[in-house]
1. Spot the failing condition for E162; the list is (1) within 14 Å of ligand 1 (Cβ to nearest atom); (2) among the charged types (D, E, K, R); (3) surrounded by fewer than 24 Cβ atoms within 10 Å (Cβ to Cβ), and only one is missed.
2. Of all residues being among the β-branched types (V, I, T) and closer than 24 Å to E39 by Cβ in the stretch 350-402, which is nearest to the chain's Cα centre (by Cα)? Just the residue, please.
3. Between a first residue in the stretch 235-254 that is in the same structural domain as E162 (by TED's automatic domain parsing) and under 20 Å from Q304 (Cα atoms) and a second residue that is part of a helix (DSSP H, G or I) and within 16 Å of ligand 2 (Cβ to nearest atom), which pairs have beta carbons less than 7 Å apart while being 6 or more apart in sequence or on different chains?
4. List the pairs whose first member sits in the stretch 285-308 and is more than 18 Å from L390 (Cβ to Cβ), whose second member is away from ligand 1 (no atom under 16 Å from the Cβ) and among the basic types (K, R), and whose Cβ atoms are under 7 Å apart, counting only residues at least 6 apart or on separate chains?
5. From the set of residues in the stretch 256-287 that are within 7 Å of ligand 1 (Cβ to nearest atom) and not aliphatic (A, V, I, L, M), which is surrounded by the fewest Cβ atoms within 10 Å (Cβ to Cβ)?
6. Are any of the residues in the stretch 80-87 of a type outside the set (S, T, N, Q) and closer than 27 Å to G12 by Cα?
7. Looking only at the stretch 29-60, which residues are surrounded by fewer than 17 Cβ atoms within 10 Å (Cβ to Cβ) and either assigned to a helix (DSSP H, G or I) or on the phi > 0 side of the Ramachandran plot (or both)?
8. Take P2 and tell me if it is in contact (Cβ under 8 Å) with a residue 40 or more places away in the chain and surrounded by fewer than 17 Cβ atoms within 10 Å (Cβ to Cβ).
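The values are calculated or read from the model by the stated rules, or taken from the named source; none is laboratory data. Keep in mind that this is a model prediction, so the values were computed, not measured. Backbone-built Cβ (ideal geometry, glycine too); neighbour counts: all protein chains shown.
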Amino acid sequence: MPRLENDLSTLGTAAQAYLGKPHVPHIDGGRHETAASYELTDPTSGQVFASVGIASANDVDAAVKSARAALGGTWGRMRPNERELALLRLADLLERNGDEISEIETVCSGRLLGHTKGVDIGYGAHVLRYMAGWATKLEGTTARLSIPYISDGELAGFTYREPIGVVGAIVPWNVALCIAIWKMAPALAAGCTVVLKPAPQTPLSALRFAELALEAGFPAGVINVVTGNGPETGIALVRHPDVNMITFTGSTAIGRQIALETAGSFKRCSLELGGKSPLILFEDSPLDRAIPAAAWAIFGNHGQNCCAGSRLYVHRSIYDQVLAGVVEIAEGIAVGSPLDPGSMMGPVVTRAQQTRIQGLIAKGQAEGARLVTGGTPIDGPGSYVPPTVLADVRPDMTPVREEIFGPVLVAASFDTEAEVIALANDSEYGLGASVWTNDLGRVHHMTRQLEAGSIWINVHNALDVAMPFGGWKNSGVGADLGETAVLAHTKVKSAVHHFP
Ligand code: NAI
Ligand code: MG
């Protein structure tokens with residue numbers, strides 16, 4: 001078994017040196033001292049390993065002023081291909097510093113080193129490069145016009161896509177740097193400037209990223225990072241009158257609060273919120289792939305994914321077989337230090353999340369769910385939760401309705417397609433859903449009927465950078481990724497030209 005506590009002496013020298021510094025917000029291209037600070041704790045040990053400044057409303061104001069000035073400065077005058085090249089250089093620098101940044105991210109979050117390397121660095125660089133291409137491809141339209149009350153001469157019309165302005169990005173800790181890049185890259189491609197508020201648990205990768213952006217040629221003020229908590233730093237950004245758009249990923253409760261806060265100011269809002277995404281296995285599922293996919297859709301990243309496959313619905317004819325297969329995988333998962341290459345799952349992000357998850361497991365059992373594996377907390381200073389399966393659940397049980405955001409799968413069987421559509425759609429959330437079948441008619445029918453922003457067929461969590469990713473129902477408004485995300489950071493200007 002891997003050890004539970006991180007051995008920080010195994011980190012590379014770059015990460016060790018970086019972690020040892022006192023950390024403060026990155027504003028206007030440099031360090032910005034704050035009056036107050038807080039401490040980061042290692043989720044594997046509960047030990048404090050770094051301190052971070054808390055940006056006050058005044059500090060947030062300094063960041064917004066810098067972002068506004070950058071819009072009117074060199075950045076605002078850059079040609080689209082210069083923005084493209086800067087994003088491409090940033091992707092290269094992210095990869096070149098990938099070992100250091102993934103180690104930093106792993107220590108803060110408890111996520112496996114392989115995951116932070118693959119997703120925050122690998123996928124993050126991929127998103128930066130994809131979005132870089134959009135900088136030169138923002139187009140308007142032209143048309144010959146016919147305005148009834150202007151009868152002389154000719155009229156030509158054309159439109160521009162202008163950057164929406166200063167974007168406030170508020171992100172969570174579960175895939176911290178990658179989500180920050182999802183938010184920043186389309187904004188930058190569109191010509192906006194950004195004030196990023198990382199989650200309090202995971203601010204360091206974003207601060208390091210902002211330094212790399214300067215190295216890549218982004219002028220000071222284009223990317224500012226305000227560290228701190230939600231009620232002080234986050235809300236100051238949301239309420240700031242000179243921020244044009246808020247893009248947020250996090251809980252539905254805070255998303256709702258942001259929607260209410262911004263309603264009166266007409267700030268644009270893009271909200272990617274919670275999920276309770278179903279996996280639906282029909283009797284003809286390709287089980288060799290479906291069973292491991294079902295296990296890893298929930299145990300991957302310790303269940304801390306907004307689109308985790310957290311509800312498993314299996315046709316009655318294969319229910320016992322699928323459940324046994326998933327449980328076998330769960331029981332083979334080595335839980336331990338995320339820095340240990342032998343670990344297959346690390347801790348959840350904080351003690352508070354561990355307590356919350358354990359509470360939801362206990363509630364499900366009390367409501368009559370059958371605990372098939374896991375459930376028992378792992379003793380010690382780390383916030384570990386074992387892979388857990390609750391079977392034979394009913395739709396009204398708490399762990400079926402609430403986003404758990406931990407390695408806890410709920411499973412139930414079904415008999416008919418109509419029954420499983422009703423079960424899948426019986427949720428306040430609508431982020432993702434996967435359907436496992438080789439029946440083409442069923443694929444199309446299910447894709448039409450499921451109430452979710454992303455439908456995956458014979459695969460789960462397939463998030464391609466070219467496909468918009470956004471929730472239905474209480475999973476949010478707007479979408480990340482794809483052309484949709486780039487256009488969301490623009491405003492249209494139309495021009496009419498009269499000539500003889
Ligand atoms: P959260 O929604 O409170 O935090 C997300 C971000 O919003 C953080 O940067 C936080 O500092 C900021 N924030 C918090 N309150 C704010 C406010 N009033 N104004 C502006 N910004 C604010 O999520 P939290 O507390 O970290 O996790 C709680 C639960 O939320 C999780 O158990 C999970 O169910 C859900 N969640 C869902 C995520 C997703 O990707 N869908 C990501 C993170 C959490
Ligand atoms: Mg919260």
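1. For E162, the exception is condition (1).
2. T350
3. F248/G255; F248/I258; T249/I179; I254/G230
4. Matching pairs, first to second residue: none at all.
5. Only one residue fits best here, namely Q257.
6. For the stretch 80-87, residues of a type outside the set (S, T, N, Q) and closer than 27 Å to G12 by Cα: present.
7. Of everything in the stretch 29-60, those that are surrounded by fewer than 17 Cβ atoms within 10 Å (Cβ to Cβ) and either assigned to a helix (DSSP H, G or I) or on the phi > 0 side of the Ramachandran plot (or both) turn out to be G46, A57, N58.
8. Details: in contact (Cβ under 8 Å) with a residue 40 or more places away in the chain: yes; surrounded by fewer than 17 Cβ atoms within 10 Å (Cβ to Cβ): yes.
For P2, the condition - in contact (Cβ under 8 Å) with a residue 40 or more places away in the chain and surrounded by fewer than 17 Cβ atoms within 10 Å (Cβ to Cβ) - is met.
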